[in-house]
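Here is the structure we will look at, set down as structure tokens.
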Amino acid sequence: MTDHLPDSLSRRDLLARSAFGALPLLGLPTAHGEAQPPRTARPPRTRDYVVEAAAALVYRNGAPQVIENASVRVRDNEIVEIREGRIAGTVARINATGQLLLPGLISGHTHAASGSPTRGLIEGGRSYQRPIELLEALPDDLLDDITAYNVAELLRSGCTTHVEMSLSLKQAQSYVRVARRWHVRGFPGGMVPGTARLFPIWRRTNDSALAASVPDTMAEIEANRVFAMAVNGAEDGLIRPMMTPHATDTHTPDTMRAVIAAARTLGNGIHTHLAQGAGEARVTQRLYQLAPAQWLESLGAFDGPFFGAHMTGATAADWDVMKRHGGVYAHCPSGGGAGNSSGSQPYPEALAAGVRTNVGIDTHSNDYIENLKLAVICGRARARLLNGATGSTLPLPSVQQAVYGATHVAADGLRRPDLGRIAVGAKADLCTIDVSGLLVGSGAVGPEPLNNLLYASGLAVRHVITQGYVQLFDGQLVVDNEARIAARGADAVRQIWAQLTSEGWFKG
Ligand SMILES: [Zn+2]
């Protein structure tokens, strides 16, 4: 592609052709004949630039819509201008020819550090428990190397905002160290009970283990609260900790009330696994005669933002509570790993119930675009099977619903109307995805580019920006040395593999 055009091509010709084509509008003579600054192959040096994309999902009159030939001006931490066509001036440009510009994608449920230590090991049905016990036992420097590898993956796939349930306070501290280095937007918390204490409480055979856990759980809640208060609002508001109880069946009324009180102090809400299976629902029925979401509601957990992950065991009562309070269901289609043994999750049911529904990462795949695809593909398969078998009329999830769930729907659930949309005054959290090239597009940007996401993966993401900071530029991580992040992540995870080998874990 050249910056110099034959004289016979008018500006209007270019606009017409670029509407459905890959012809760049950028760096060309304008109708006014003004000279254009040259494009550079480097990210802008300051937070003052224009992203020029073939298409963009912008937020206008209270709804998202796709526009063509989009120019989005970023200054400091926010979006200051949006236009179809070129924004004049000599400001720096980010070239997104052939690409779709979206708001930065929001994962409503991550356990960032657990991705690479479990991926590729658990798909045959082994438990992730031992790998994550070894992860938790690593010294901080090695834990940070694994956290960095996984957070880099999230950025690589356009996921700029993480509603992050680190598996312990120690892992939440690691997440925050990495997030602060790279201008990541995080809503982190350490899971309580943390992974070192969780399993005997969760998999108990009688409730005496739950009663005995209260003092240590209270101490964990307080330690998490103190850390969260210390970093709340850090990095110009990028870090906003939530309280993250593991689930309803690993808490008592007293510990959950302490979680809710801490969340109110922080002001960022609660993020938990919710109605993860029939077993959890049986526990809250047995102890309180309530569904999991009803029990949380009775304690006041829905007074602020609320994210509930999985909901595989949800009943109508749980969906009703979520809908009434604007809670967000974080649907995680790769939870349990690729081809997971726990089956599909109730995405069509959540949409049918009118609940705010996000696509979340969970643990093993940090490729947000792949998870968007899986949500739609598995959701449609689930709806068709259930409708055929039971006569229900569940909706077939669409890619538009998945993208909206990843953007403004999740932002609304966070009570952050300045996130998840491309609008003047919104925070400059953006990503661009090549929707025109080989395997994803047709050599040109098509008339309905959201559909091309169903053929994309995280590797099609080209530019990623959070709060105006460019983190990925032309497919390369620019906030750090990508090769070094991968090498250090490998060294740390090899220690886990070596220990598993010495324990005979792979022979199990
Ligand atoms: Zn989870």
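Only the coordinates and a few stated rules stand behind these numbers; no lab work does. The model shown is predicted, which means the values in this text are computed figures rather than measured ones. A quick note on method: Cβ atoms are made from the backbone with ideal geometry, for glycine too, and the neighbour counts reach across all protein chains shown.
DSSP beta bridges fully contained in the range 129-247 are about 0 percent antiparallel.
Express as a percent, rounded to the nearest 5, the fraction of DSSP beta bridges in the chain (both residues included) that run antiparallel. Don't skip to the answer; put the middle values down first.
Working: 33 of 66 bridges.
Roughly 50 percent of the beta bridges in the chain run antiparallel, per DSSP.
Taking the C-alpha atoms only, the angle from helix 278-288 to the longest principal axis of the chain is near 60 degrees. When shorter helices are ignored and each DSSP H run of at least 4 residues is given -39500 (n - 2.57), the per-residue value for the chain at 222 nm works out to -11500 deg cm²/dmol.
How would you classify the range 105-413 from its alpha-carbon gyration tensor, with a ≥ b ≥ c the square roots of the eigenvalues: rounded for a/c under 1.5, else prolate if a/b is greater than b/c, otherwise oblate? Rounded is the answer for the range 105-413, as its axis ratio a/c remains below 1.5. A dipole drawn for the range 105-413 from +1 and -1 charges on Cβ atoms has a positive end, and of Ala402, Gly190, Ser168 the residue lying farthest that way is Ala402.
Helix 253-266 axis versus longest C-alpha principal axis of the chain: approximately 30°, rounded to the nearest ten. Our estimate of slack between Met229 and Ser398, defined as 0.36 nm per intervening residue step minus the Cα-Cα distance, is 56.9 nm. Where in the range 156-190 does the amide nitrogen come within less than 20 Å of the point 7 Å from the Cα of Ala483, taken along Cα to Cβ? Taking a point 7 Å out along Cα→Cβ of Ala483, the residues of the range 156-190 whose backbone N falls under 20 Å are 156.
A Förster radius of 25 Å, combined with the Cβ-Cβ distance separating Arg126 from Arg415, puts the computed FRET efficiency at roughly 0.05. Rounding to the nearest 10 and keeping the result within 0 to 90°, find how far the Cα-based axis of helix 316-325 lies from the longest principal axis of the chain. Compared with the principal axis, the helix lies near 50 degrees.
Under 11 Å from the Cβ of Arg83, count the other residues' Cβ atoms, weight Lys and Arg +1, Asp and Glu -1, and hand me the total. Mind dumping the intermediate values first?
Working: positive: Arg73, Arg86; negative: Glu52, Glu81, Glu84.
Surrounding charge for Arg83 is -1.
What FRET efficiency, computed as 1/(1 + (r/R0)^6) with R0 = 45 Å and r the Cβ-Cβ distance, is obtained for Ser442 and Asp491, rounded to the nearest 0.05? Kindly include the intermediate steps, with their values, before the conclusion.
Numbers: r = 42 Å, r/R0 = 0.93.
For R0 = 45 Å, the calculated efficiency reads 0.60.
Beta-bridge orientation, the range 54-152: approximately 85 percent antiparallel, per DSSP, counting only bridges with both partners inside. By the count of neighbouring beta-carbon atoms within 10 Å, fewest first, Val51, Val470 end up ordered Val470, Val51. Placing unit charges on the Cβ atoms only, positive for Lys and Arg and negative for Asp and Glu, gives the chain a dipole magnitude near 400 debye about its Cα centre.
Taking K and R as +1 and D and E as -1, what net charge do the other residues with C-beta under 12 Å from the C-beta of Gln499 add up to? It would help to have the intermediate numbers written out before the result.
Details: positive: Arg130, Arg494; negative: Glu133, Glu503.
After counting each charged neighbour, the total is 0.
Summarising the label geometry, the points placed 7 Å from Cα in the beta-carbon direction at Asn61 and Asp207 lie 5.5 nm from one another.
Could you work out the relative contact order of the chain? I mean the mean sequence separation of Cα pairs under 8 Å and 6+ apart, divided by the number of residues, in percent. Show your work: numbers first, answer last.
Details: 1129 pairs, mean separation 94.1, N = 508.
Over the chain, the number comes to 19 percent.
Summing +1 for each Lys or Arg and -1 for each Asp or Glu, what net charge is found among the other residues whose Cβ lies under 15 Å from the Cβ of Leu238? It works out to a net charge of +1. Using alpha-carbon positions, what is the distance between the centroids of the range 341-400 and the range 89-119, in Å? For the range 341-400 versus the range 89-119, the Cα centre distance is 22 Å.
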